[in-house]
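Inspection log for the structure reproduced underneath, given as structure tokens.
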Amino acid sequence: MAYSEKVIDHYNNPRNVGSLDKNDPGVGTGIVGAPECGDVMKLQIRVDEGVIVDAKFKTFGCGSAIASSSLATEWLKGRTVNEAMQIKNTDIVNELHLPPVKIHCSVLAEDAIKAALEDYRKKHGEQAGTREPAAMERKH
Amino acid sequence: MKLPIYMDNHSTTPVDPTVLEAMLPYFTEKFGNAASRNHAFGWEAEAAVDAARQQIAALINADPKEIVFTSGATESDNLALRGIAEMYREKGDHIITTVTEHRAILDTAKRLEKMGFSVTYVPVRADGLVDPDVIKQAITPKTILISAILANNEIGTINPVAEIGTIAKERGILFHSDATQAVGKIPVDVQAMGIDLMSFTAHKMYGPKGIGALYVRRKNPRVRLAPMIDGGGHERGMRSGTLPVPLIVGFGKAADICRQMMPEESKRLTALRDRLRDGIMTQLDETYLNGHPTRRLPNNVNISFAYVEGESLLMGLKDIALSSGSACTSASLEPSYVLKALGVGSELAHSSIRYGLGRFNTEEEVEYVIRRTVEIVTKLREMSPLYEMAKEGIDLSKVEWKGEH
Ligand SMILES: Cc1ncc(COP(=O)(O)O)c(C=O)c1O
């Protein structure tokens, strides 16, 4: 399969790879996907006064999954939490020119964004900084 | 060294220049139909086909009359299974095969099941080998055919076919083997291995695409086969259609070169294979060799790289032609069924890369491939949440993942 130039660019020069401290009250973490399915995305945001000031990702997955999460971190930075909720997987599909077989990568990226925002909100709905990230808490 | 590097020789091989040279006259001045019995053009073509048949038979220790030309191994597999099933139906309706066969066998077996035959798919061991005893236990009074792949196309594992052949003979059951990946690479002897039918193809041994053969035993026992393609009665009625003389000439030449070069070539490739495997596996932790360590084709390396996904790995290795067991590289959503049959977990199946060495690969290329693989795996692990979690001491198998599909 041929990749679009934008996917190749994100794959070769991924933006914002890395991790933030998941226990920091200002950080929201989303981990979605499963290793057996061949994709796992971890997306983290740091929020300051309602604005996302930093975003980081790590992804296990194909080139399109890496590109989708890399793009997501770029888009998240500078947005408010409410604006970030508006990001749709179809926006990612259009920006990266993903073919139909790769649409699930964009869906996963949207899920990761939502999970990170949800984790941040949870922390702030309750006592900040006392909870593990959402995906990890159901560990048995 | 020229880029890109071709290291996907289980998929196909380039035509050896000597093979092409032998073929060329048969497209133009020597264009006759091998079935034309009454002029020199036909005789010339027939002689060329006869010579090729001999070269091919010599490679597998068969009689030239036992070679039936087909369009390739897919057709040979179809013809063997369906031809035997139809011809011997009165005798029985049970077929035994294995879970690591090529799709050409598995899909044909599925079709036969729809037609009322029963098929047993025997499992393989964790190293990919078929256990002959398990085949023996699957035999019923209704069993008419056992089909077992000689060398696997993904993991290069070489099955104990001689033992399976002995079992089949003892029980009066026919034995077919898909030897597509083995012929031309390792010694294949249909007598010593007790093989009654065998599929193989020219394009995996430096010959042209579109020509293959089915070996069909003529003595002890004499195997009969219902044809799938009817017509002019070519190939002793088993496969009608005008013979593609240039392709057959190329197939013959390719077989002849393989026979002559095999001792030296397999030694060279084995050394390259071991260097490739060790070069990668000693520099990277958590890498797993899939398949048997030694009972393996001289040109096959198949490694799973934990925590990185195969397609993204191939994307990083874009100047090297390789293949992966990742679902992302295939049409289906499932990762390699061969690896799963070995008990390799889905996540490691998604992380596998197959390196297929060939006649034209050099030591320098192997060194480059080792270096690039180590670089890319390292880079992708830095980017992998799974690697990070594993390093933190989290047991990934105990995590309940969100969004499993
Ligand atoms: C084991 C095996 N059987 C059959 C085939 C099909 O061969 P062909 O391309 O000649 O139809 C292949 C090639 O992929 C193979 O590896």
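The values are calculated or read from the model by the stated rules, or taken from the named source; none is laboratory data. None of these values were measured; they are calculated from a predicted model. Methodologically, a virtual Cβ is constructed for each residue, glycine included, from the backbone with ideal geometry; neighbour enumeration extends over all protein chains shown. Calculation scope for accessible area: heavy atoms of the full protein, side chains included, ligands and nucleic acids excluded. Shrake-Rupley method; radii C 1.70, N 1.55, O 1.52, S 1.80 Å.
With respect to the conditions (1) surrounded by fewer than 16 Cβ atoms within 10 Å (Cβ to Cβ); (2) in a loop (DSSP other than H, G, I, E, B), B:Y307 falls short on a single one, namely (1). Scanning the stretch B:83-110 for residues that are open to solvent by less than 60 Å² (accessible area, probe 1.4 Å), within 12 Å of the ligand (Cβ to nearest atom) and in contact (Cβ under 8 Å) with a residue 40 or more places away in the chain returns B:T98, B:T100, B:E101, B:A104, B:I105. Looking at B:E113, is it open to solvent by 60 Å² or more (accessible area, probe 1.4 Å) and in contact with a strand residue (DSSP E or B) (Cβ under 7 Å, 6 or more places away or on another chain)? So B:E113 fits the description; yes. Is there any pair linking a residue in the stretch B:59-82 that is more than 14 Å from chain A (Cβ to nearest Cβ) and closer than 23 Å to B:Q260 by Cβ to one that is part of a strand (DSSP E or B) and away from the ligand (no atom under 12 Å from the Cβ), with Cβ under 7 Å and at least six apart or on different chains, and which? Close Cβ pairs satisfying both conditions: B:I60/B:Y215; B:A62/B:Y215; B:E66/B:Y215; B:E66/B:V216; B:I67/B:Y215. Taking the listed residues B:A151, B:A126, B:A109, the one that is farther than 19 Å from B:R354 by Cα and modelled with pLDDT of 95 or more is B:A109, with no other qualifying.
Filtering the stretch B:174-187 to residues that are open to solvent by 10 Å² or more (accessible area, probe 1.4 Å) and away from the ligand (no atom under 12 Å from the Cβ) leaves B:L174, B:I186, B:P187. Looking only at residues of the stretch A:1-12 that are in contact (Cβ under 8 Å) with a residue 24 or more places away in the chain and farther than 20 Å from A:L76 by Cβ, we find that the one that is least open to solvent (accessible area, probe 1.4 Å) is A:S4. Being open to solvent by 50 Å² or more (accessible area, probe 1.4 Å), in contact (Cβ under 8 Å) with a residue 60 or more places away in the chain and within 16 Å of the ligand (Cβ to nearest atom), is that true of even one residue in the stretch B:23-43? Within the stretch B:23-43, none of the residues are open to solvent by 50 Å² or more (accessible area, probe 1.4 Å), in contact (Cβ under 8 Å) with a residue 60 or more places away in the chain and within 16 Å of the ligand (Cβ to nearest atom).
Every residue, every condition in (1) over 21 Å from A:H10 (Cβ atoms); (2) buried (at least 24 other Cβ atoms within 10 Å of the Cβ); (3) modelled with pLDDT of 95 or more, yes or no:
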residue	(1), (2), (3)
A:A72	no, yes, yes
A:A84	no, yes, yes
A:E95	no, no, yes
A:P100	no, no, no
A:C105	no, yes, no
A:I113	no, yes, yes
A:L117	yes, no, yes
A:A128	yes, no, no
A:E137	yes, no, no
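All of B:I135, B:I149, B:I144 fail the test of being outside any helix (DSSP H, G or I), away from the ligand (no atom under 16 Å from the Cβ), open to solvent by less than 20 Å² (accessible area, probe 1.4 Å) and among the β-branched types (V, I, T), apart from B:I144. For B:R295, the conditions (1) among the charged types (D, E, K, R); (2) on the phi < 0 side of the Ramachandran plot; (3) within 14 Å of another protein chain (Cβ to nearest Cβ) all hold with the exception of (3). Of all residues in the stretch B:44-74, which are within 16 Å of the ligand (Cβ to nearest atom) and either closer than 16 Å to B:R236 by Cβ or of a type in the set (K, R) (or both)? Matches in the stretch B:44-74: B:I56, B:I67, B:V68, B:F69, B:T70. Summed over the stretch A:13-41, the residues that are farther than 24 Å from B:G325 by Cβ, outside any loop (DSSP other than H, G, I, E, B) and open to solvent by less than 20 Å² (accessible area, probe 1.4 Å) give a count of 5. Of all residues in the stretch B:189-230, those satisfying the criterion of being touching a Phe, Trp or Tyr at 6+ places or on another chain (Cβ under 7 Å) and more than 16 Å from the ligand (Cβ to nearest atom) are B:V190, B:G194, B:D196.
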